[in-house]
Amino acid sequence: MNPDTNDTIGLSRRKLLAGLGAVGVASAGAGLGTTAYFNDTETFEGNTLTAGELDLKLDYRATYAGGPGRLDEIDGWYSEQGPGEPFDVVEEDDGVYLIGEVPAIDEPDAWADEVQTRDFCLPEIDLVNGDDIPVFVLDDVKPGDCGEVTISLHICDNPSWLWMNGELTANDENTVSEPEAGADGESNALGDDSDGPISGEGELAEAIDVTMWYDEDCDNVYEAGGESGGPLCVQIVLDASGSMSGTRNAQAIDGAKTLAESILNDGPAGSRVGVTFFSAAGYSSGAQVIEPLTDDLQDVLDAIDTLPADGGNTAIGEGIETSQGDLENCDEGESPTMVVLTDGGNNAGTDPGVAATAAKGDGTTIYAIGVGGAQVSTLNAIASDPDEEYVFFATDDDALEQAFGLLGETLLGETPIFEGSLADAMAELEAGIALDGNRATEGRDPFDGGLTQCIGFEWCLPADVGNEVQTDSVAFDVGFYAEQSRHNDAPDVTFNGTVPTSNSSDPVTNGTGS
């Protein structure tokens, strides 16, 4: 790639680096010391293009399961005098500590709500966007301890391809104590100085278990399976009012079809899907069941394709009541579920909160998807609890299809990115892992702007780990790299650890982008 090409591409890239380094275990107190740094680097060298922008921002929430009774100790690590980013550590559950979040949310338990509904691309929102922030700075970690960080990614402006990358930067033995030297799996012998420094690689990187996954509902928990082992019985309830016209209508159709395909092709055997429209012009009532519950995918797709956008009001409650009438036909053992899409506030017919409360009282699970002028308070009133797991919001019309995809993956089970040892995880990341913007569709999709997507990263030191890891330490980096997808249908990016090199054959041409 020549320098001119590199400069031009540079304008449309942004990368974030997360260094989760300095992990160590000692026999008498000093333990897993992970230090995470998130930062971004723009490469605008030598070019003069001023229009057209790509910005990757992130926020995160990190927890540490280090055992009860340690609040003061851990809070000290995150004090003004400690090595971590200053933060008021909170013991959220017995032995589980909130050790950092950006942006800081004043209300308890509000992070997951905010991350799904707030427009994080607004300039006044204070995200990680060029600062070094240590996420994990922990001492005295024992076997059985775990930590987790959920990183929510926000593509601002142009849709982008996204990669996750990283490298193991240190895997040190440090010292070999007498218990460690005698442990199974220890590769280094006790030296002349029984507690002195020693060269050589440690065993900690192989001992730590790592899981990385697409955290579809951004709840810091890996949910490998669906909500129920039985068949799903789903009504897709779509807003047909006039404000749903244009791109919004096309995205709603594509997204609803993707959801139906996921349920009927990949969901539990015997699942059924129905379709209801509300607020279309000419309805004698506020809503109509367009396709009753069926396992015939083509009938469902044909029904969704007829979605109009011509109504003069928004009768969300009518849509909920009407679709619930069809869900009463769900068989015993099926999971009645409603997915409601709207772009506005209710201004006709039954109050949506009242209708939703009645439906939920009859055993229906309700997901709410908002776009455009949808009111978050209404979405929360409609959806099942907790809101953060059942409310999805697209701040950009073009992200609506991916919002349906996120919901589908939540219904059917979240997708793992990697499961294995820390050593193997870093080996995979060193070559770069291409992330998929929509797991519900075939092939790889870019990440659309206007929709929050979350990546979970969890480490655990197993309770049955032996003395071989005593005094060992590891350090590693994890990064995210974004490259615009427009005019770039076949991206080709290689990585040397966290350093990306783009070999994409169709770079943005010189001149003004848009």
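The values are calculated or read from the model by the stated rules, or taken from the named source; none is laboratory data. Keep in mind the model is a prediction, meaning the values are calculated, not measured. Because the Cβ atoms are built from the backbone with ideal geometry, glycine has one as well, and the counts that use them run over all protein chains shown. Keep in mind that these areas ignore ligands, DNA and RNA; they rest on the heavy atoms of the full protein, side chains included. Shrake-Rupley method; radii C 1.70, N 1.55, O 1.52, S 1.80 Å.
A few comments on the model shown:
- Residue in segment 372-384 that is out of contact with any Lys or Arg (no Cβ under 6 Å at 6 or more places or on another chain), part of a strand (DSSP E or B) and either buried (at least 19 other Cβ atoms within 10 Å of the Cβ) or not charged (D, E, K, R) (or both) present: no
- Residues of segment 441-457 satisfying the condition of being within 26 Å of Gly267 (Cβ to Cβ) and either within 14 Å of the chain's Cα centre (by Cα) or open to solvent by less than 10 Å² (accessible area, probe 1.4 Å) (or both): Phe447, Asp448, Leu451, Thr452, Gln453, Cys454, Ile455, Gly456
- Only one of Asn488, Asn438, Asn503 that is surrounded by fewer than 20 Cβ atoms within 10 Å (Cβ to Cβ) and polar (S, T, N, Q): Asn503
- Boolean, Glu419 is assigned to a helix (DSSP H, G or I) and over 24 Å from Ser245 (Cβ atoms): no
- Residues satisfying the stated conditions in segment 243-272, i.e. part of a helix (DSSP H, G or I), surrounded by 18 or more Cβ atoms within 10 Å (Cβ to Cβ) and among the small types (Gly, Ala, Ser): Ser243, Ala252, Gly255, Ala256, Ala260, Ser262
- Some residue of segment 307-316 being within 31 Å of the chain's Cα centre (by Cα) and modelled with pLDDT of 95 or more: yes
- Condition broken by Ile366, with the remaining ones in (1) β-branched (Val, Ile, Thr); (2) open to solvent by 30 Å² or more (accessible area, probe 1.4 Å); (3) at pLDDT 95 or above satisfied: (2)
- Whichever residue in segment 301-349 is without any contact (Cβ under 8 Å) to a residue 60 or more places away in the chain, outside any helix (DSSP H, G or I) and in contact with a helix residue (DSSP H, G or I) (Cβ under 7 Å, 6 or more places away or on another chain) and, among such residues, is surrounded by the fewest Cβ atoms within 10 Å (Cβ to Cβ): Gly345
- Residue match in segment 227-240 (condition: in contact with a Gly (Cβ under 8 Å, 6 or more places away or on another chain), surrounded by fewer than 24 Cβ atoms within 10 Å (Cβ to Cβ) and in a helix (DSSP H, G or I)): no
- Test: residue in segment 154-166 that is aromatic (Phe, Trp, Tyr), touching a helix residue (DSSP H, G or I) at 6+ places or on another chain (Cβ under 9 Å) and modelled with pLDDT of 90 or more: no
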